[in-house]
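What follows is a set of notes on a single structure, which appears directly below.
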Amino acid sequence: MIDWHSHILPAMDDGSRDPDESIAMLRELARQGVDTVAATPHFYANDESPTQFLARRTRALEQLYWRTDATIPRILPGAEVRYYAGIASRDDLRSLCIGETGLLLVEMPEIRWTTSTVQELLELSDIHGIFPVLAHIERYLHLQHADVWAQLLDSGIRMQVNASYFLEWRTRRKAMSMLTEGSIHFLGSDCHNLTTRPPRIGEAYARIARKLGTEYVAQMDAYGRAMLTE
Ligand SMILES: [Fe+2]
C-alpha cells in the first residue's frame, strides 16, 4: 500500500527529529503494510526557496539511505506545500511534486476560501504537468460551499484524507461514503512521530477492506500505483 502524506524525513519540520526516529517510523509503516511512502515535509514559501528546501531534503534523505533496506518502504520525496496567493504563477512547482509524478500536495487554509482562492486552485490544475492534490481535506471540507467542492473535483483536483478520518467514530461513516462517491483519491498517515501523531494507515485500510472488501482496497492501490507514473 501507499502512504501519500508523511513527515518521516529527519529534522525537516515538526515530524521526525532524527534518523533513528525516521527509521522507526518507516519500520512501523512497513509493519502496517505500506511499501511506498511519500515523504512530504512542510514547504513554506515565506521561509525558504524551493532550492533551499530541496537541498535540505536531499541531506535528510542521505541520512537515511545507508540505513534503508528491502524491509523499509520505498521513499518518494515530495512536499506539503502551504497554499498562498500567487502560487499558481510559480514556475518551479514541478520540483516540489511527489517522486517523479506531477502530483503536488497542497495544504489549504482552514477558513472559507475566497472566490480568488478557488480560482487560483483551478488555475493550478490547468498548469501542464501539475496535478494538485489537496492535503487532509477533512480539515476544511465543512468550511466550503458544496458547489466549490464539486467544481474542484470536476476540474480534476484530487483529494487526500488522513487515515484518522476513516477511524474516528464521528467521521468514519462520512469518510466511507465520500470514498465510494469518488471524492477521496488518496490516503495518508500524516504521521509525525510514533507517539502523539503515529501512523494508523494500516487500520484505515483494514477498515475499508472490512466495509467494502479487499478487492476495493486493491483497486485503490492500483489507482495509486498508476498515478506514480502520471
Ligand atoms: Fe502533514
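Rule-based calculations on the coordinates, nothing more; no lab input. Source: prediction; values computed, not measured. Glycine gets a Cβ as well: all are built from the backbone with ideal geometry, and neighbour counts include every protein chain shown.
Within the option set Thr180, Thr196, being within 16 Å of the ligand (Cβ to nearest atom) and more than 21 Å from Asp35 (Cβ to Cβ) holds for one residue only, Thr196. Specify the residue that is surrounded by the most Cβ atoms within 10 Å (Cβ to Cβ); the eligible residues are those in region 1-29 that are in a strand (DSSP E or B) and out of contact with any Cys (no Cβ under 7 Å at 6 or more places or on another chain). Out of the qualifying residues, it is Asp3. Do the conditions hold for Ser183, that is, is it in contact with a helix residue (DSSP H, G or I) (Cβ under 8 Å, 6 or more places away or on another chain), in contact (Cβ under 8 Å) with a residue 40 or more places away in the chain and hydroxyl-bearing (Ser, Thr, Tyr)? Here the answer is no, as Ser183 does not meet what is asked. Only one of the listed residues (Glu138, Glu110) is part of a loop (DSSP other than H, G, I, E, B), within 14 Å of the ligand (Cβ to nearest atom) and in contact with a helix residue (DSSP H, G or I) (Cβ under 7 Å, 6 or more places away or on another chain). That residue is Glu110.
Suppose the filter is more than 16 Å from the ligand (Cβ to nearest atom), among the hydroxyl-bearing types (Ser, Thr, Tyr) and assigned to a helix (DSSP H, G or I); does Thr117 pass it? Judged against the criteria, Thr117 is a match. Criterion applied to Thr114, Thr101 was being among the β-branched types (Val, Ile, Thr) and free of Cβ contacts under 8 Å to residues at least 60 places away in the same chain, and the one residue passing it is Thr114. Does Tyr205 fit the bill of being surrounded by 14 or more Cβ atoms within 10 Å (Cβ to Cβ) and hydroxyl-bearing (Ser, Thr, Tyr)? Against the criterion (surrounded by 14 or more Cβ atoms within 10 Å (Cβ to Cβ) and hydroxyl-bearing (Ser, Thr, Tyr)), Tyr205 qualifies.
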